[in-house]
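Notes follow once the structure below has been shown.
Since every read-out is calculated from the coordinates, none of them should be taken as a lab result. Here the structure is a predicted model, which means the values were calculated and not measured. Cβ: placed from backbone, ideal geometry, glycine included. Neighbour counts: every protein chain shown.
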């Protein structure tokens with residue numbers, strides 16, 4: 001039963017991330033030239049993480065991201081059973097969150113400024129899957145390393161851990177939005193791509209493989225530079 005509560009929390013958290021993050025992107029657009037929509041989207045994703053960290057963090061650890069979960073698996077902080085349960089729950093949450101956005105924007109006749117439910121893409125790297133893969137690996141590595149540092153039992157960040165993680169996600173988005181739309185989260189990419197279809201679905205593998213590789217690398221490197229006694 002405790003595991004089920006964790007899975008439900010992960011699904012709710014991921015759905016919330018998609019609704020508020022991708023929803024903001026859909027509403028204001030992500031044009032770097034315009035600026036405001038770009039920054040608002042980055043803030044929406046980051047501040048949602050802050051809110052979720054302080055609301056479901058005590059239940060599931062607030063991964064709401066397969067890249068974070070795989071890092072915790074590698075670090076021995078998550079069992080294989082829970083890893084599978086977390087990832088499945090996160091993907092279900094992302095699909096439900098996108099479905100809610102589809103209903104809101106469809107019923108309300110609101111224009112989707114991104115043209116695809118805030119799905120990730122390779123337009124910012126001229127369609128290069130290799131460049132997109134590199135962007136996602138690097139950004140995920142930075143994001144997950146920050147999470148590992150903040151959640152380390154030896155760290156002394158007090159109650160500011162969730163804020164640090166959220167702000168790190170904001171910074172990661174500020175760079176990444178213009179390149180790939182910033183995934184660093186396979187579940188966040190899966191839901192919107194499923195609804196957007198087309199090119200978003202074709203390039204989805206980049207936003208699954210890249211973040212997972214980045215998450216594993218972060219776990220391995222963190223274990224080397226800051227090994228447990």
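Please tell me the relative contact order of the chain in percent, rounded to the nearest whole number, where contacts are Cα pairs under 8 Å and at least six residues apart.
30 percent
What is the Cα centroid distance between the range 1-44 and the range 170-217, reported in whole angstrom?
13 Å
Which whole-number percent is the relative contact order of the range 17-100 (Cα, under 8 Å, 6+ apart)?
Relative contact order, the range 17-100: 28 percent.
Which of 87, 206, 171 moves the most in a Gaussian network model of the chain with Cα springs under 10 Å?
Highest fluctuation of the listed residues: 171.
Counting helices only, and only those DSSP H runs with n ≥ 4, report the 222 nm mean residue ellipticity of the chain as the sum of -39,500 (n - 2.57) divided by its residues, in deg cm²/dmol to the nearest 500.
When only DSSP H runs of four or more count, the value is -22500 deg cm²/dmol.
With each label point set 7 Å from Cα along the Cα-Cβ vector, what nm distance links residue 77 and residue 31?
Between residue 77 and residue 31, the label points sit 4.0 nm apart.
Ranking 63, 173 by Cβ neighbours within 10 Å, fewest first, what do you get?
173, 63
Percent relative contact order of the range 54-173, based on C-alpha pairs within less than 8 angstrom and at least six residues apart?
Over the range 54-173, the number comes to 18 percent.
Cα gyration tensor of the range 124-174, axes a ≥ b ≥ c as square roots of the eigenvalues: rounded (a/c below 1.5), prolate (a/b > b/c) or oblate? All intermediate terms of the calculation are to be shown ahead of the outcome.
Details: a/c = 6.73, a/b = 2.50, b/c = 2.69.
Oblate, since a/c reaches 1.5 and b/c is not below a/b.
With everything on Cα atoms, drop me the angle between helix 80-107 and the longest principal axis of the chain, reported from 0 to 90° to the nearest 10.
That works out to roughly 20 degrees.
So what's Rg/Rh here for the range 1-99, counting alpha carbon atoms and using the Kirkwood radius for Rh?
Computed over Cα atoms, the ratio is 1.04.
Using a/c under 1.5 as the rounded threshold, could you call the range 36-142 rounded, prolate or oblate? The axes a ≥ b ≥ c are square roots of the C-alpha gyration tensor eigenvalues, and prolate needs a/b larger than b/c, oblate otherwise.
Verdict is oblate for the range 36-142.
When the convex hull of the C-alpha atoms of the chain is computed, what volume per residue in Å³ does it have?
About 112 Å³ per residue, rounded to a whole number.
What is the Cα convex hull volume of the range 1-57 when expressed per residue in Å³?
Each residue corresponds to 54 Å³ of Cα convex hull volume.
Mean shadow of the range 115-229, computed from the convex hull of its alpha carbons, in nm²?
Approximately 7.4 nm², given one-decimal rounding.
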